Amino acid sequence: MIGSSGWIVHRSIEALRPRSFFSAVLLIVLAAGCAKASAADLRVGIKADPTIDPHFLYLAPNIAIARHMFDPLVGTDASARAIPRLAVSWKALSDTEWEFKLRPGVRFHDGSLLTADDVVFSFSRVRTLPNNPNSYAAGLRSISSVTAVDPATVRITTDAPNPVLPVQVRIISIVSATAALGAMPADFASGRAAVGTGPFRFAQFQPGDRLTVRRNEQYWGPAPAWDTVTFRVLANDSARVAALLARDVDAIDVVPPRDAARLRQTQGIEVFTRESDRIIYLALNSLPERMTWFTDRAGAPLDRNPFRDARVRLAVSKAIDRRALVERGVDGLGVPAAQMAPSGFDGFDPTAQIEIPDPAGARALLTDAGYPNGFGITLHCPNGRYVNDSGICQLLGSMLSRVGIMTQVDAQPPSMFFTRIRPSDLQSALMMIGWGLGGGSALSALTDAMHSYDTGTGLGANTRGTNSPEMDGFIKQASREFDAERRTSLMLQAMAVSRRDTIVVPLYAEMTVLAARKGITIEPRADQQTIVTGWQSAP
């Protein structure tokens, strides 16, 4: 049948029938053979207030919470490498067809057996969930159909060649087709529909306060080290640090840079860091010929968009001291960036040089472009989404103003900011945004953050920046190239064009920073997700 999402959906009626409860009894027997983890409770202070519905509001903190209760077909390890989860294997049948074999014997928390129908249902629900402010479907635009070939086999068809589809599906959590049928986010928050296959089971959720999960004794994978985990929402940075110091929590995520050094010197506390895959960058909107956000020094609107001139875009890049931005803005907990990929990722160019700050050169470029007196602009950024984001924007405003781009900073709550920069109703000329790549490749940054929006191919979200047909051509080829070596070469060529024409202005890669009481070992993740299944406690 054809779902309202536009995908062709193939499901059996059997998938919608109530599951038999006898399987829950069977699991008691099966559990007897499972290794027991040592009893322990864990309390984690988290910055973000999560949603429990794994298909609602596509944000990294929500994916992290979902990974405790729900599994994807394909996951990623701490270094962003693809690993099997519910799919034990996958292969390309053709340029536009992928087949996934499900892990045998996996059961949901209610005891029912995972089948391909649950996978098909989950992918369909992602596309049809109403009133979703940031849908997970945005990352799956190339999919045209999801089919249950048999109970253990799923076939995904794309409308164009997509060599990285297995990594892209990592964001989709698989839910029970029975428990989630007709369910809305409130049904997940209450626990009624929160039936997954993950290492923990839903216990209790108090929005804005805490989520408690309990170990799933029938989990298909390694048993987690914790009996229960309580995630306490502590959005205020100081409150989160204070809770750790007072031993009200055992660990915290998103450690404020200003506190990391102090915590390292605190007896009984350990700090864990690694470079993340999130690049903080400036998007420059050169698409409209005129915008009200540009003014002359007297405040009158300009009759043309300065960012349509590559010299002005380069002047913006030369105005910024990236190393100073990292040192002063995030206390050194960042890596200055020359490109939209962190080191070690496929598509990262080790020969790319970080732009040397050159205020005099920036002013000369502005003069050559016809702006000897500079111009005024508003820099829009979030306040509370990235590490010290509003503080970083203030530093950027000062650096730009120093070369004649008189910058007014408008830092807004994330919900307002992301509404402002929606491609369908863009209300900004200059934005500071973060992009998490995921999957160990630069391709997602190229296809989504940098490629111009193309309704024909489904590529691109870059209606909020500067477009380049030459760069788009390399990206389009890379996105369809199954030969890994050739794909890497195409990505490097696209990145080179981006740097040459200043399509975006990369600033730095964020660090993943967590802290815990001594005795807890944390492996920080490149994707910045707080997932405790890999955490260990000393005996």
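Hey, with R₀ at 35 Å, roughly what FRET efficiency would residue 138 and residue 79 work out to, going by the Cβ-Cβ distance, to 0.05?
0.90
Quick one: dipole size for the stretch 213-327, taken about the Cα centre, charges +1 on Lys/Arg Cβ and -1 on Asp/Glu Cβ, in debye to the nearest 20.
Here the stretch 213-327 has a charge dipole of around 400 debye.
As a footprinting exposure proxy, order 410, 331 by other Cβ within 10 Å, with the fewest listed first.
Exposure proxy ranking, most exposed first: 331, 410.
Under a plain spin-label model, where a point goes 7 Å from the Cα along Cα-to-Cβ, how far apart in nm are residue 265 and residue 536?
3.1 nm
Could you pull the Rg and Dmax for the stretch 344-422, using just the Cα atoms, both in Å?
So, for the stretch 344-422, Rg and Dmax equal 15.7, 42 Å respectively.
Provide 86, 443, 59 in ascending order of the number of other Cβ atoms located within 10 Å of each residue's Cβ, fewest first.
Working: 86 23, 443 28, 59 19.
The fewest-first ordering by Cβ neighbours comes to 59, 86, 443.
On a full-extension model of 0.36 nm per residue, what is the gain between residue 486 and residue 209, subtracting their alpha-carbon distance, rounded to one decimal in nm?
94.9 nm is the gain from fully extending residue 486 to residue 209.
Longest span of the chain, sites excluded, free of trypsin sites (Lys or Arg not before Pro) in DSSP loop with at most 15 other C-beta atoms within 10 Å?
305-517
Given a Förster distance of 22 angstrom, what is the FRET efficiency for residue 236 paired with residue 327, based on the Cβ-Cβ distance and rounded to 0.05?
Using R0 = 22 Å, I get an efficiency of 0.35.
Evaluate the Kirkwood expression for the hydrodynamic radius of the chain, namely the inverse of the mean inverse distance over all pairs of different C-alpha atoms, and round to one decimal in Å. Numbers along the way, then the final one.
Numbers: mean 1/r = 0.0409 Å⁻¹.
So the Kirkwood estimate lands at 24.4 Å.
If you restrict to DSSP beta bridges whose two residues both lie in the chain, what percentage is antiparallel, to the nearest 5?
75 percent
Amide H to amide H under 5 Å from residue 45: which residues, 5+ apart in sequence or cross-chain, H placed 1.01 Å off N in plane?
When sequence neighbours closer than 5 places are left aside, the close amide H contacts are 232, 250, 251, 252, 253.
Beyond 29 Å, what percent of the Cα pairs of the stretch 278-510 remain?
Of the Cα pairs, 23 percent sit more than 29 Å apart.
How many nm is it between the label spots at residue 296 and residue 352, if each spot is 7 Å from the Cα in line with the beta carbon?
The two pseudo-label positions are separated by 3.8 nm.
In deg cm²/dmol, rounded to 500, what helix-only [θ] at 222 nm does the chain give when every DSSP H run of at least 4 residues adds -39500 (n - 2.57) and the total is split over its residues?
Value at 222 nm, helices only: -7500 deg cm²/dmol.
For a paramagnetic label modelled at 7 Å from the Cα of residue 40 toward its Cβ, which residues of the stretch 70-99 fall within the zone defined by backbone nitrogen distances under 19 Å?
In the stretch 70-99, the label zone of residue 40 (backbone N under 19 Å from the point 7 Å along Cα→Cβ) covers 78.
Regarding the stretch 226-297, what whole-number volume in Å³ per residue does the convex hull of its Cα atoms give?
212 Å³
Give, in nm to one decimal, the length gained when the segment between residue 402 and residue 160 is fully stretched (0.36 nm per residue of separation minus the Cα-Cα distance).
The residue 402-residue 160 span can extend by a further 82.4 nm.
For the residue pair residue 418 and residue 99, what label-to-label distance in nm results when each label sits 7 Å from Cα along the Cα-to-beta-carbon direction?
Taking the two extended label points, one gets 3.7 nm.
If the cut-off is 12 Å between C-alpha atoms, which aspartates and glutamates fall inside it for residue 476, apart from same-chain ones fewer than 8 positions away?
Reachable aspartates and glutamates: 448, 454.
Please turn the phi angles of the stretch 60-67 into ³J(HN,Hα) values with the Karplus equation 6.51 cos²θ - 1.76 cosθ + 1.60 (θ = phi - 60°), one per residue in order, whole Hz, x for glycine and proline.
4, x, 6, 4, 4, 5, 4, 5
With the cut-off at 1.5 for a/c, could you classify the stretch 44-190 from its C-alpha gyration tensor as rounded, prolate or oblate? Spell out each step's value before the answer.
Working: a/c = 1.45, a/b = 1.33, b/c = 1.09.
The shape class here is rounded.
Just so you know, all these numbers are worked out from the coordinates, no wet-lab data involved. Here the structure is a predicted model, which means the values were calculated and not measured. Cβ atoms come from the backbone with ideal geometry, glycine included; neighbour counts cover every protein chain shown.
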